[in-house]
Amino acid sequence: MKRTGIRLGAVVAIVVLAVVVLHVGPDWSWGKAVGNVAIVGGTLAVLAGLGRMVYMVATGSAIKARDQAQAVGEIPVLPADPGELLRGPDSGLYLGTTFAPSWQNKITVGGLSDRAVANITEFTDGIEISRQGAGDIWIPRASVTAVRTESGHGGKVMGADGVLVVRWVLPNGTEVDSGIRADDKAVYSGWVDDFAETESDQ
């Protein structure tokens, strides 16, 4: 039914366009009139298609942001006292946070998708990812379910064991993965070992 309505609307638009063109150029030959109708109609069709694409992208982004905001909920903030320093800071590139277990479905709300140069630091109460030009990310220790290495994250492939990924649970229960590519990959084993017991307890 919807397609029929669209087709009928297109036919009506073409007829109206033909009438307008013939009215504007009454002395044109039939061939010239048809040619002008085709040119003008084609141009309008392209513009309409581009407008529809822009509309779909804009509304799709808004819907995705709304759905993600509901799924993410509250994001933990860095406490005034994160506890004793245990590891780091280790420098690298923060690649983003995704909905677990996907390594590509990036979370765009709350600045969690903002890729940036960063330091990752372990404290007794959690993990801090401090980013240059973007907000810091705080991962409470109690919310961490696993720390592992992966070949890629956030849609970016880094090669075997190229990324350190922290899996953790947001306050509303949504499980996410935050990834960082360290400048020195030798630090990965220490991070993985520190949270090995956490993973085995799950």
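Spacing of the modelled spin labels on Thr43 and Asp136, each 7 Å from Cα toward Cβ, amounts to 5.8 nm. Distance from the C-alpha centroid of the range 153-188 to that of the range 115-134: 12 Å, rounded to the whole angstrom.
Within the assembled protein chains, the solvent-accessible surface assigned to Thr108 is about 70 Å², based on a 1.4 Å probe. The Cβ shell under 9 Å around Asn119 holds other residues with a net charge of -1, Lys and Arg each +1, Asp and Glu each -1.
Stretching the chain fully between Gln70 and Ser151 yields a gain of 26.2 nm (0.36 nm per residue, less the alpha carbon separation). The accessible surface of the range 120-202, taken with every protein chain in place and a 1.4 Å probe, is 43 percent carbon and sulfur. For Leu86, the amide hydrogen comes within under 5 Å of the amide hydrogens of Glu122, Phe123, Thr124, counting only partners 5 or more places away or on other chains and with H modelled in the peptide plane. Amide H contacts of Ile127: Ile139, Arg141, each under 5 Å away and 5 or more positions distant or on a separate chain (H built 1.01 Å from N in the peptide plane; Pro and chain starts excluded). Applying both filters, DSSP loop and at most 13 other Cβ atoms within 10 Å, to the trypsin sites (Lys or Arg not before Pro) of the range 111-156 eliminates every site.
The values are calculated or read from the model by the stated rules, or taken from the named source; none is laboratory data. For clarity, every value in this text was computed on a predicted model and none was experimentally measured. So basically every Cβ, Gly included, is an ideal-geometry build from the backbone, and we count neighbours across all protein chains shown. Areas reflect the complete protein model, heavy atoms only, side chains present, ligands, DNA and RNA absent. Shrake-Rupley method; radii C 1.70, N 1.55, O 1.52, S 1.80 Å.
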